[in-house]
Amino acid sequence: MPRALLTFVLLILMSACKKPSSEECGLEKSLYQQANFPLGVAVDPTYFSLPQYDTLVSKQFNSITPENIFKPSYLHPQENSFFWWEADNLVARAQQNKQRIHGHTLIWHKQLPIWMLNYQGTKAQWEAMFKNHIQSICQHFKGKVEAWDVINEAFNEDGTLRNFIWRQHLGDAYIEKAFRYAHEADPQALLFYNDFNLAYNERKRAAVLTFLSKLKQRGLPIDGIGMQMHIAINYPSRGQINSAIQAAGETGLLVHLSEVDISVNPFNKGDLDKEELFNRQADVLATVVLAYKALPSRYQYGISFWGLSDANSWIRDFYQREDYPLLFDDFYQPKACYCKLIDLL
Ligand code: G3I
């Protein structure tokens with residue numbers, strides 16, 4: 001048999017015997033319909049004009065987190081005025097799609113309006129401003145927003161509390177005050193603390209979980225912890241991922257993997273072997289999902305991805321690098337990590 005014909009026959013045989021790879025799949029299934037816990041995605045309303053974006057967000061996810069438009073700089077641009085229009089539109093869309101809305105975020109050290117950063121006043125005036133901000137927003141969305149990231153990223157990497165305007169003017173108690181004010185304004189809302197690097201940085205994780213457990217033991221109205229999970233294919237380790245998610249479950253708080261993305265190019269290399277990287281990305285996501293599924297179901301608040309497609313990811317802008325951290329590619333096609341996720345849910 002001529003060599004070329006032999007090669008052709010062998011290729012046909014090999015492709016016929018190829019294991020059906022989970023790296024390829026279609027969109028016949030829906031992530032949230034496969035899962036026993038909510039599947040969420042951070043959304044930017046400017047992308048809803050893209051049919052693929054609109055369809056995937058509504059068909060694949062039953063929870064949404066506004067990526068930016070619920071942050072203080074967007075909702076509270078002037079001391080005496082709030083901007084609800086864009087947020088209300090997103091809430092209405094989510095309600096039409098019967099999607100949970102996870103409010104992000106009431107108190108942070110970033111994306112604050114200038115007036116807040118420059119605020120001058122007595123301790124009492126600072127507290128009144130802080131309380132008004134929190135309660136105005138929680139009251140506005142009462143009965144519509146199911147949960148809030150009340151405090152976002154209050155800890156430094158060394159496990160100490162960030163020394164930012166809130167702590168400078170209200171003391172360490174600003175954190176519990178924020179939860180009490182939010183609960184007062186909307187007693188039905190679930191209230192979360194949200195932070196990053198809780199798998200990779202064991203010191204920070206220990207500090208955060210100890211702090212939250214003490215608040216919970218003292219009867220503070222705190223319901224959950226958001227582990228952002230902005231991770232990469234080479235860190236944290238599988239062991240760190242498993243230990244972190246298990247430790248969060250041991251606090252008795254709801255656990256939200258709140259901002260999942262998995263960088264495939266953390267060191268900004270060129271000439272990427274995308275197929276190999278995407279398969280590694282799928283394996284890391286499998287570790288995360290299996291660890292999450294091992295939690296008692298009563299603690300499984302859900303898994304939310306920080307963006308829909310690689311084209312929407314904050315990582316490219318923030319780090320100014322080529323990266324493909326999310327479930328769908330730049331053409332809104334499912335990647336290996338999506339196919340792996342569908343298999344595992
Ligand atoms: O809206 C303006 C636009 O008018 C302007 O033309 C444009 C160019 O300067 O900037 C736009 O604002 C950007 C905003 O995203 C909306 O796209 C800001 O510059 C940019 O800094 C902002 O980045 C956001 C970042 O938080 C801010 O720290 C990202 O989209 C968002 O994904 C990211 O999300 C955070 C979470 O809230 C908390 N956890 C970490 C996560 C990643 O940093």
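Would you mind stating whether ASP323 is in a loop (DSSP other than H, G, I, E, B) and within 28 Å of TYR47 (Cα to Cα)?
Working: in a loop (DSSP other than H, G, I, E, B): yes; within 28 Å of TYR47 (Cα to Cα): yes.
The answer is yes for ASP323.
What is the number of the single condition among (1) closer than 19 Å to LEU112 by Cα; (2) within 16 Å of the ligand (Cβ to nearest atom); (3) open to solvent by 20 Å² or more (accessible area, probe 1.4 Å) that SER136 does not meet? All conditions are met except number (2). The sole residue among ALA42, ALA35 that is at pLDDT 95 or above, within 22 Å of VAL145 (Cβ to Cβ), among the aliphatic types (A, V, I, L, M) and more than 16 Å from the ligand (Cβ to nearest atom) is ALA35. Within the stretch 103-119, residues that are closer than 20 Å to ASN163 by Cβ reach partners that are among the hydroxyl-bearing types (Ser, Thr, Tyr) and modelled with pLDDT of 95 or more with beta carbons closer than 8 Å, at six or more positions or on different chains, in the pairs ILE107/TYR174; GLN111/SER73; GLN111/TYR74; LEU112/SER73. Candidates are the residues of the stretch 139-160 that are surrounded by 16 or more Cβ atoms within 10 Å (Cβ to Cβ) and away from the ligand (no atom under 16 Å from the Cβ); the one that is farthest from VAL91 (Cα to Cα) is GLY159.
Of the residues making up the stretch 100-133, just one is away from the ligand (no atom under 12 Å from the Cβ), in a loop (DSSP other than H, G, I, E, B) and either within 29 Å of ASN62 (Cα to Cα) or in contact with a Ser or Thr (Cβ under 7 Å, 6 or more places away or on another chain) (or both), namely PRO113. Do we find that ALA42 is more than 20 Å from HIS230 (Cα to Cα) and among the aliphatic types (A, V, I, L, M) in this structure? No: the conditions fail for ALA42. Filtering the stretch 248-269 down to residues that are of a type in the set (A, V, I, L, M, F, W, C), open to solvent by less than 10 Å² (accessible area, probe 1.4 Å) and away from the ligand (no atom under 16 Å from the Cβ), which residue is farthest from ALA311 (Cα to Cα)? Checked the stretch 248-269; the qualifying residue farthest from ALA311 (Cα to Cα) is LEU253.
Out of LEU285, LEU344, LEU253, report the one residue that is farther than 22 Å from GLU67 by Cα and within 19 Å of the chain's Cα centre (by Cα).
On the way: LEU285 fails: farther than 22 Å from GLU67 by Cα; LEU344 fails: within 19 Å of the chain's Cα centre (by Cα).
Only one candidate passes the filter, namely LEU253.
Annotation note: Cβ proximity below 8 Å between a residue of the stretch 278-302 that is open to solvent by 70 Å² or more (accessible area, probe 1.4 Å) and a residue that is assigned to a loop (DSSP other than H, G, I, E, B) and β-branched (Val, Ile, Thr) (sequence gap 6+ or interchain) occurs for ARG280/ILE233; ARG280/VAL264. The lone criterion from (1) of a type in the set (Phe, Trp, Tyr); (2) more than 16 Å from the ligand (Cβ to nearest atom); (3) part of a helix (DSSP H, G or I) left unmet by TYR332 is number (3). Selection of the stretch 161-185 for residues being open to solvent by less than 20 Å² (accessible area, probe 1.4 Å) and touching a strand residue (DSSP E or B) at 6+ places or on another chain (Cβ under 8 Å) yields TRP166, TYR174, ILE175, ALA178, PHE179, ALA182.
With the structure loaded, tell me whether ALA87 is open to solvent by 10 Å² or more (accessible area, probe 1.4 Å) and modelled with pLDDT of 95 or more or whether it fails that test. Before you say what the answer is, go through the steps one by one.
On the way: open to solvent by 10 Å² or more (accessible area, probe 1.4 Å): no; modelled with pLDDT of 95 or more: yes.
Considered against the rule, which asks whether it is open to solvent by 10 Å² or more (accessible area, probe 1.4 Å) and modelled with pLDDT of 95 or more, ALA87 comes out as no.
Screening ILE315 with (1) more than 16 Å from the ligand (Cβ to nearest atom); (2) in a helix (DSSP H, G or I) gives one miss only, at (1). Of everything listed in (1) in contact (Cβ under 8 Å) with a residue 60 or more places away in the chain; (2) of a type outside the set (D, E, K, R); (3) open to solvent by 20 Å² or more (accessible area, probe 1.4 Å); (4) within 14 Å of the ligand (Cβ to nearest atom), the single unmet condition for ASN197 is (1).
Within the option set LYS98, LYS59, LYS19, being loosely packed, with under 10 Cβ neighbours inside 10 Å and at pLDDT 95 or above holds for one residue only, LYS98.
Residue pairs, Cβ under 7 Å, 6 or more apart or interchain, first in the stretch 249-271 and charged (D, E, K, R), second surrounded by 17 or more Cβ atoms within 10 Å (Cβ to Cβ) and assigned to a loop (DSSP other than H, G, I, E, B). List them. Sorted first by the residue in the stretch 249-271, then by its partner, the pairs are GLU259/GLN228; GLU259/MET229; GLU259/TRP306; ASP261/TRP306; ASP261/GLY307; ASP261/SER313; ASP261/PRO325; ASP261/LEU326.
The values are calculated or read from the model by the stated rules, or taken from the named source; none is laboratory data. In this text, all values refer to a predicted model and were calculated from it rather than measured experimentally. Note that each Cβ is placed from the backbone with ideal geometry, even for glycine, and that neighbours are counted across all protein chains shown. All accessible areas refer to the heavy atoms of the entire protein, side chains included, with ligands and DNA or RNA removed. Shrake-Rupley method; radii C 1.70, N 1.55, O 1.52, S 1.80 Å.
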